[in-house]
Each structure stands twice: as structure tokens, then as C-alpha cells.
Amino acid sequence: MIPEILKTRAEQGFADQFIAGKAGLPGAGNAWVEGLRDAAWKTYAATGLPHRRIEEWKYTDLRTLLRDAYPPAPALAEALNGDDIAQALGKDMAGIDCHLLVVVDGHFRAGLSDVSGLADRAKVHSLGDALGDPEDWLKSALEQTRSDTVLALNTALMTGGVVLRIEEDASIGKPVHIVHLFAAKDAASITTRNIIVIGAGAEVTLLESYVSLGSTPAQRNSVTDLRAGDGSRVQHVKFQNENLSSVHLTNWMTRLGADMTYNAFQFSIGASLARNQISVAFAGEGTSSHLSSAVMARGKQHNDTTVVIDHAVPGCESREFSKLVLDDAARGIIQCKVKVHRGAQKSDGYQMARGLLLSEGAEFYSKPELEIFADDVVCGHGSTSGQVDENLMFYLRSRGIPEAQARALLITAFVGEVLEKIANEDIRAAFMNMAETWLASEDE
Amino acid sequence: MAGVKERKTTEMLEIKNLHVKIADDDTKILKGINLRVPKGEVHALMGPNGSGKSTLAYVLAGKDDYEITDGSITWNGEDITGMAPDERAAAGIFLAFQYPIEIPGVATMTFLRTSLNAIRKARGEAELSTPDFIRLVREKTKALDIKDDKLKRPLNVGFSGGEKKRQEILQMALLEPSLCVLDETDSGLDIDAVKIVSEGVNALRGPERAMLIITHYQRLLNYIVPDRVHVLSDGKIVRSGGKELALELEESGYAAFGAAAA
């Protein structure tokens, strides 16, 4: 049954999980869901975990980096309350006024969530429940055909997540905050999926936080599938601060309608191994996508952000701006591919990645890729890496600012420049505080 | 200069036989400078490009691209050559940069406050409260014709040359240093900006403050009238005199003073 291609203990472990656990997964008994999972499982089993000879995974060889497959986190095992959520988020994030959706160890927890303020503007469901008898629109959202084995593994093993539908022309002021919490007592894997559908003309800020309670190692595989309707205005922010023994694999799959704006941001400071995969597909003309990220890593943290922007239709604009602060032996990776399809004229794409290296052992890899099959487009890319600028240091010190404080000010400024891209002031201020806290804990 | 003679003799900048080279190679730039600037006086240092004017400014502020191979620099009798740039700032030394640095991501107001509070802390003074700080900045910016929106923007980013120079004078006015070194403060300024900047500098003249104005041209000295003028050529001071020396230079050029015209 298990093809021979599976070589490593981790690959075999995930395979065994599916065989042993599929009867207990949400949607078991529903023929369509079982078929979906079986097909995904076969895709995974045929190739196994991605490795360095697959170009998109060149810098993050999961076959080597994942030694074992942790068992799935037990469902609803932990009795938690709001204080636990706040503790895991930290005071800056917990202080953000929001509509709260909580997913613990891969399962949506209505009791910990508060969606009363969304009223008739949005509908929230548990994906685990929805899989019992999925509606047609949900089926189409779950069907993914790309050759991504981590995505296939997610489809085979997903236990839950949030299904969020925002009504047409709804305007939601406070952020809708989806908190993905890892709280299991023992090392465990969590496989979640969020399905978000935003109606035409709606305006919303979505915030996803990935955090852990305690230091138990986790392996997270999370997918967020987002489809935004014509004329909508969407801010989509991710905060990742999983504990430092965790593996964090996330995959944002975004599909944008016409004449809309998508403003996305990812702030990543946690996890020992993080892979932030983002794909943005333009499905309608006249849309702009601005995607930014800030990464702060030290020790042996490995953080890989891999982006694919798909200009499938004419007249869209894409911007990607990344900043990485890397200390000790941390490794930061930015891969960004911009594809402009034949006929996607008047496409406008630009990407910039900047790495700030605070120590000799830190590594920054930047790989821009442009694939352009139209002749009337503007596309560009840039990348810089360097240390803290000594001329700036001298200027600040000549104004009485001591060395350590001057250095912290400049690093904060480096990160601050990209945090400015976040439109929501509460989120921006929380991230800024956390960046400062990160710097202040440098000597620990 | 009346009254200056009664001052304690150590209350001055005193540079003796200063030799400086570039730290990374053997290029010698300053070749035996001797200079005294007492508190209460404004001295101008003039000279052609490449004579070592800016190097002297940087060495006074403590930039580590340079190495002192001989001689000494004392401020109020204290040797400053071993002090870090921030320690020198706390001791009252301020360099107004020829090319003020742009710092993206640091709001001007944040920078000013961090700087002022760091210096106050080093001097054993309490930090200013936010309202007091804002009041103080308002008062200083008004005189320099600096608009509020500039204070919210990242320091010097997208500022014109004149705006950057005004920011330097603003910092000087806020930090109230006792030794001001102004490096080519007039370069790149139109005549109106020269007037505004000069007024800002003149407002800071006083018995407790020594100033060294570094300039290539005499023009600035029409507005900031010096007590003494020194001519620097090839790393040495080749002539010193009163304010009339600047006018003489303007007419005859540096070549007449044995300096190679740049």
C-alpha cells in the first residue's frame, strides 16, 4: 500500500497516521470527503516530503529537517480559558480589540471565541463540523490541484479550522482575529485549514496568530484559503510566535477578484523552523496586492518565506517588501516569484528584500524570480543585505545616544519601515512593541 | 572678547600638535595642528578642499575612521581622545554635520527626544516629560522656521539640503552643547537659509560656549562674525588673525597663503 518512495521516518510516520487515523478524521463517512483525502494522500505518498532538489524547497529541505512525525494532537484535551489565550498571545497581541476566533490544537473552539459582534455581517463555522456534509462552495474551495505535497498532506490530515464567510458590502471595523494555539502536553502535530470567503465590496482586517502555550514541540501544517470578491478591501496579517522547538509550515492561498486591494503582512519571530508560503493569484483586473513581511530570528532559527504572485489577468499591481533581522546562526530566506501570463498586459510588479545581519554566523538568502510572458509590463526586483550602518551609528552616538541604544534604535527603525505597511494601528503598535522586546532580550 | 581673560585658562578647546591619519591606511591628513578656542569665542577655520577641515571636525566628535598618531585634544582641561562619541556629546561637544545623515524609520521627534534624554541622563539630569519636551521643541523650531510635519517624518529623509542643515541647528539648540563645531554649515544653502541658520547659531553665542565654524567661503562669516580666523592648509594651520583675515582670503584666494587652491 505504501509506495517505496517514502524513505524517512517522518515521511513514513505521516503515512502511518493517515492509515491509522483516517476513520476518525472529520468527514469520515462522507464519500466526497473521503475521496478528497484519499486522492491527497496518494499525491503525498507518491513523492514524500519536499527536499532540496525541488527548486521551491531548495533552502528548506523538509526530508532532512523533519526527523519524526509527531502524533496528531489529542482533540479538545485541554481545558483552557481566556487567560490562557491571552498568555500565549502575549500582552501586546492580547490587547488588540478584535472579533476573536480560537482554534486549539487543530480544532475550532466556539466556547473560547466571541463572534457576537459580527452579527449579520459574517458567518463563522468550524471546518471540522462543515466537513461532515460540505456544501458545494466549500467543496470547490477544498479541491486543490497543485503539486504541493505539504498541501496534499494538509488535505489528507486536516482536523479543523475556521470557515469564515463575510457578506457582500459588509464593513467590519475591528480585526477578525483567528488564534491558532498549540496547547498539547506532549509533542504533537496539528493540521488545520481556514477557508475564508470575502463578499464583493466588503472591507475587513483578518489577523491570524500562531502561538503556543508552553514549550512542547509542535509540528504545524496550516493552510489558509482566501477568496476575495470584486471591489473588496482586505488586510490580511499573520503573527507567528510559536515556541522555539516548533516547526511551523503555513500556506496562504489567496485568490483576488477585480478592482480590489489586498494588503497582507506577516510578522515572524518564533519557531525553530518556519516556512511561510504565500501564493496570490489575480483573478480579476484592476487589483493591487501589497505583501510585506518582517522576520526576526536568532539562535539557529530557520525562516523561509516563499511567495508566488500570479498575474493571470491584465492590469494588476503587485508589491512585495521583506525585511529580515538575523542574529547568531539564524538563517533567513526570501524566495519570490512573479509570474506574468501571456496577455496579462499592463502588469506592474516590484519586489524588494532586505536582510540585516547582526552576526557573522547569520545567513540571508534572497531569490527573486520573474517569469514574464507579456510584453507591456513593468516588473522589477531588488535585494540588499548588510550590517548596521556605522555612519548612522556615529551620527546617533554623536548626539549622545550610547552604543547599545543606538544599535537598537537603528534595528527598530529597519523593522519599523516595513511595519509601516500595516494599516491597522493597533496591530502595527503591537508588532512594534514586540520587535523592541525581541531586541531587548538579545543578551539573554 | 572683553571679560574672557578672567576666565579660567582651562575652559577651552585646546589642540596641541595634532597628527591624524586614516585608520585603515597610512594617509596622513592632519600634520601638527595647534589651536585654542576659549569659551565665549567663535573661531572660524577656513581652507581649501582637502586641507583637513572635515577630518578635524570628525576627530573632535570621535569618529573611529581616524587615528591620532601624535598630539592631544583637551576640552576644559580633560583629554577627550579616549572618549566615545556619546561620551563627548555628554561632555558638551556637538558636531553639526556637513552632510546630515538620513535615518529611515526613526521619526525626527523620537530621535530628538532620545538624544536629549540620553544627554540629560549622562549629565545626571531628569528626563523631560512629554509636554515639557514638546513645548521646548516648539519654541526652538519656531525660530528656525521648521514646520511640524517635518518632525513627524523620519529624520532627514526627503528633506532638502537647507532643511537638513536647519535640523542640525535645531539639535544644537535643544542639546545646548558647550563646544559647537559646525562643518560647512552654509554649503548648499541659498541666501535666505544662510540667514536663518546664522540667526540660529548667533542665538547660541554666549560666554559659556565655544564655537568652531568650519567653512570654505567667507560668505557665512558675514552673518556669523568670528572672533578669530584660522587658515588650514595641508593639515596645518598656516595663518591666524582677526575677522578681517576672512575678507583678505576672499580677495586673494587660498594660494596667497601658501595653500594649493582646490
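Read the figures in this text as sums done on the coordinates, not as results from a lab. A quick note: this is a predicted structure, and the numbers were derived from the prediction, not measured. Here the Cβ is made from the backbone with ideal geometry for all residues, glycine too, and neighbour counts use every protein chain on show.
Looking only at the range A:65-87, which residues are over 21 Å from A:Ala156 (Cα atoms) and over 22 Å from the mean Cα position of the chain (by Cα)? Result: A:Ala77, A:Glu78, A:Ala79, A:Leu80, A:Asn81, A:Gly82, A:Asp83, A:Asp84.
Close Cβ contacts (under 8 Å, 6 or more residues apart or on different chains) running from residues in the range A:185-203 that are over 30 Å from A:Gly284 (Cβ atoms) to residues that are of a type in the set (Asp, Glu) and surrounded by fewer than 22 Cβ atoms within 10 Å (Cβ to Cβ) comprise A:Lys185/A:Glu78. One residue alone among B:Gly71, B:Gly32, B:Gly40 is surrounded by fewer than 23 Cβ atoms within 10 Å (Cβ to Cβ) and either within 14 Å of chain A (Cβ to nearest Cβ) or part of a loop (DSSP other than H, G, I, E, B) (or both), and that residue is B:Gly40. Taken together, the residues in the range B:110-137 that are in a helix (DSSP H, G or I) and within 13 Å of another protein chain (Cβ to nearest Cβ) amount to 13.
Those helices (runs of 4 or more DSSP H) of the range A:111-163 in which 2 or more residues are touching a Ser or Thr at 6+ places or on another chain (Cβ under 7 Å) occupy A:149-157.
The number of residues in the range B:189-214 that are of a type outside the set (A, V, I, L, M), closer than 19 Å to B:Pro100 by Cα and surrounded by 15 or more Cβ atoms within 10 Å (Cβ to Cβ) comes to 2. When B:Asp86 is tested against (1) surrounded by fewer than 21 Cβ atoms within 10 Å (Cβ to Cβ); (2) within 14 Å of chain A (Cβ to nearest Cβ); (3) more than 23 Å from B:Glu184 (Cβ to Cβ), only condition (1) is not met.
Considering only residues of the range A:401-430 that are more than 30 Å from B:Glu87 (Cα to Cα) and not hydrophobic (A, V, I, L, M, F, W, C), which is nearest to the other protein chains (Cβ to nearest Cβ)?
Once the filter is applied, the top-ranked residue is A:Glu420.
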